[in-house]
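Colleague: What follows is a single structure, and I will ask about it in a moment.
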Amino acid sequence: MTSLKTDRFLLRLPEERDFPVYRAFFEDGEASRFYGGPLRQDQAWRVLAGHLGHWQLREYGVWAIEPLEGGAIIGGCGFVWPEGWPRRELTWWLMPAARGTGAAMEVSKAAIRQAYETNGWPLVETHMNDDNRPAKGLVRKLGGEPIAREMFPDGLERTVYSLPCT
Ligand SMILES: CC(C)(COP(=O)(O)OP(=O)(O)OC[C@H]1O[C@@H](n2cnc3c(N)ncnc32)[C@H](O)[C@@H]1OP(=O)(O)O)[C@@H](O)C(=O)NCCC(=O)NCCS
């Protein structure tokens, strides 16, 4: 299943027409600082290609979040597990204008439900940099519980959270 619908959004595979939003997100160093930014446009394009490629390789990945009322995507949400990383994670990137609107909660709940109920995963997890307060706040609101503290391949130690189906 590669697309999902929530009250306000269609979660679908990223497409090349989404690139202007990827570019804008990654050229904004403040908006993208916990997501590897700032990045040049060629690097941002590779992120989009990587998100799409993840679906091809693993049969799950990051959805583009398209408002049902129309218009450009507001960001992305989904699951990634790069080779060599210890765990799969729920991940998000939202354009600044879409933050604080409940979008992250709405799409996260749909993604988590899909992971447990459709994919049959035994556990949905996420992790973030210690100083990423918005991501920590989102995980708290989703009912996340710390389950581990561990070193990641990029040399950063992070807390890992389990996420319940709500
Ligand atoms: C992480 C992200 C998806 C969260 O989305 P969001 O719309 O900002 O989330 P919310 O507004 O629901 O905020 C979640 C909670 O975090 C807290 N919070 C939000 N912004 C905060 C800030 N700047 N400082 C401290 N706490 C903050 C609040 O408690 C908030 O809950 P409340 O609105 O009920 O008070 C979004 O900020 C984002 O895209 N960030 C850039 C990419 C990123 O960091 N991805 C995660 C990588 S692990």
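Colleague: Between the stretch 110-161 and the stretch 49-90, how far is it from one alpha carbon centroid to the other, in angstrom?
Modeller: Here the two parts' Cα centres lie 15 Å apart.
Colleague: Placing +1 at every Lys and Arg Cβ and -1 at every Asp and Glu Cβ, with all other atoms neutral, what dipole size does the chain have around its Cα centre, in debye to the nearest 20?
Modeller: The calculated dipole for the chain is roughly 280 debye.
Colleague: Of all accessible surface on the chain at a 1.4 Å probe, what whole percent is carbon and sulfur?
Modeller: About 52 percent, which is the carbon plus sulfur part of the accessible surface.
Colleague: Could you work out the Rg to Rh ratio of the stretch 1-73, with Rh taken as the Kirkwood radius (inverse of the mean 1/r over all Cα pairs)?
Modeller: In the stretch 1-73, Rg relative to Rh is 0.98.
Colleague: Just order 4-14, 117-127 by mean Cβ neighbour count inside 10 Å, highest at the front, would you?
Modeller: 4-14, 117-127
Colleague: Moving on. With +1 on the Cβ of every Lys and Arg and -1 on the Cβ of every Asp and Glu, and nothing else charged, how large is the dipole of the stretch 57-154 about its Cα centre, in debye rounded to the nearest 20?
Modeller: 260 debye
Colleague: What distance in nm separates the simple spin-label points at GLU117 and ASP42, each placed 7 Å from Cα in the Cβ direction?
Modeller: 4.5 nm
Colleague: Can you pull the semi-axes for the chain, root of five times each eigenvalue of the Cα gyration tensor, sorted largest first, whole Å?
Modeller: The equivalent ellipsoid of the chain has semi-axes of 22, 19, 16 Å.
Colleague: Right, next: Based on the Cβ-Cβ distance of GLU157 and PHE19, what FRET efficiency does E = 1/(1 + (r/R0)^6) give at R0 = 30 Å, to the nearest 0.05?
Modeller: That pair, GLU157 with PHE19, gives E of 0.35.
Colleague: Between GLU59 and LYS136, what's the calculated FRET efficiency when r is the beta-carbon distance and R0 is 30 Å? Round to 0.05.
Modeller: Plugging the Cβ-Cβ distance into 1/(1 + (r/R0)^6) gives 0.55.
Colleague: Then there's this: Run the helix sum for the chain: -39,500 (n - 2.57) per DSSP H stretch of 4+ residues, divided by residue count, reported at 222 nm to the nearest 500 deg cm²/dmol.
Modeller: One gets -8500 deg cm²/dmol as the mean residue ellipticity at 222 nm.
Colleague: Taking the Cβ of HIS54 as the center, what net charge do the other residues with Cβ under 13 Å away carry, scoring Lys and Arg +1 and Asp and Glu -1?
Modeller: Residues close to HIS54 contribute a combined charge of 0.
The values are calculated or read from the model by the stated rules, or taken from the named source; none is laboratory data. Everything numeric in this text was worked out from a predicted model, so none of it was measured. Don't worry about glycine lacking a Cβ; one is built from the backbone with ideal geometry, like all the others, and counts go over all protein chains shown. What goes into the accessible areas is simple: the full protein's heavy atoms, side chains included, and nothing from ligands, DNA or RNA. Shrake-Rupley method; radii C 1.70, N 1.55, O 1.52, S 1.80 Å.
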